[in-house]
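First the structure, in the form of structure tokens, and then the observations on it.
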Amino acid sequence: QVQLVESGGGLVQAGGSLRLSCAASGSISSINVMGWYRQAPGKQRELVAGITRGGTTRYIDSVKGRFTISRDNAKNLVILQMNTLKPEDTAVYYCAAKSGWVITMMPSGYDYWGQGTQVTVSS
């Protein structure tokens with residue numbers, strides 16, 4: 001089993017920045033891909049960014065150039081740096097992990113989930 005714990009959410013004005021962290025523990029040697037999803041009220045959960053153990057990344061178009069995902073394998077951390085935040089970025093953000101090697105978009109492809117952290121961007 002793998003446990004994921006997110007931190008770093010909060011309230012920020014449009015144009016501001018937030019940094020989300022996800023700490024992994026447990027059977028972490030089985031984890032290859034980690035990612036950040038978000039879910040806004042009334043919307044489906046969507047992949048924001050993913051990163052492989054080797055550092056390959058993938059982003060949805062709406063956050064490219066604003067968000068950066070990084071990973072510290074030694075510390076079992078995944079970071080999502082979010083800059084130039086917009087009100088439409090408001091959502092609950094979830095850390096996710098999988099043993100597969102490919103960054104897939106569908107939430108069903110991930111084996112482990114954190115509890116989520118709220119990000120609210122005011123206009």
Q. Taking interchain pairs and intrachain pairs at least six residues apart, which have beta carbon atoms under 8 angstrom, with the first residue in the stretch 74-99 and open to solvent by 10 Å² or more (accessible area, probe 1.4 Å) and the second basic (Lys, Arg) and assigned to a loop (DSSP other than H, G, I, E, B)?
A. Asn83/Arg66; Thr84/Arg66; Tyr94/Arg45
Q: Among the residues of the stretch 1-10, write down those that are under 14 Å from Trp113 (Cα atoms), assigned to a strand (DSSP E or B) and open to solvent by 20 Å² or more (accessible area, probe 1.4 Å).
A: Gln3, Val5, Ser7
Q) Mind checking which residues of the stretch 95-123 are touching a Cys at 6+ places or on another chain (Cβ under 7 Å) and either part of a loop (DSSP other than H, G, I, E, B) or at pLDDT below 95 (or both)? A) Gly114
Q.
Need the failing condition index for Thr84 against (1) within 19 Å of Ser122 (Cα to Cα); (2) not in a loop (DSSP other than H, G, I, E, B), just the number.
A. (2)
Q: Please verify whether the stretch 64-71 includes one or more residues that are in contact (Cβ under 8 Å) with a residue 40 or more places away in the chain, open to solvent by less than 60 Å² (accessible area, probe 1.4 Å), among the polar types (S, T, N, Q) and outside any helix (DSSP H, G or I).
A: no
Q) Going through the stretch 11-49 one residue at a time, which ones are among the small types (Gly, Ala, Ser) and surrounded by fewer than 13 Cβ atoms within 10 Å (Cβ to Cβ)? A) Gly15, Ser17, Ser25, Ser27, Ser29, Gly42
(Q) As an exercise: evaluate Gly54 against (1) touching a residue at least 12 places away in the same chain (Cβ under 8 Å); (2) more than 16 Å from Ala91 (Cβ to Cβ) and give the number of the one condition it does not meet. (A) (1)
Q. On the given criteria, is Ile69 modelled with pLDDT of 95 or more, touching a strand residue (DSSP E or B) at 6+ places or on another chain (Cβ under 7 Å) and farther than 15 Å from Gly10 by Cβ?
A. yes
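The values are calculated or read from the model by the stated rules, or taken from the named source; none is laboratory data. Keep in mind the model is a prediction, meaning the values are calculated, not measured. When we count neighbours, we look across all protein chains shown, and the Cβ atoms used for this are built from the backbone with ideal geometry, even at glycine. Side chains included, ligands, DNA and RNA excluded: accessible areas come from the protein's heavy atoms. Shrake-Rupley method; radii C 1.70, N 1.55, O 1.52, S 1.80 Å.
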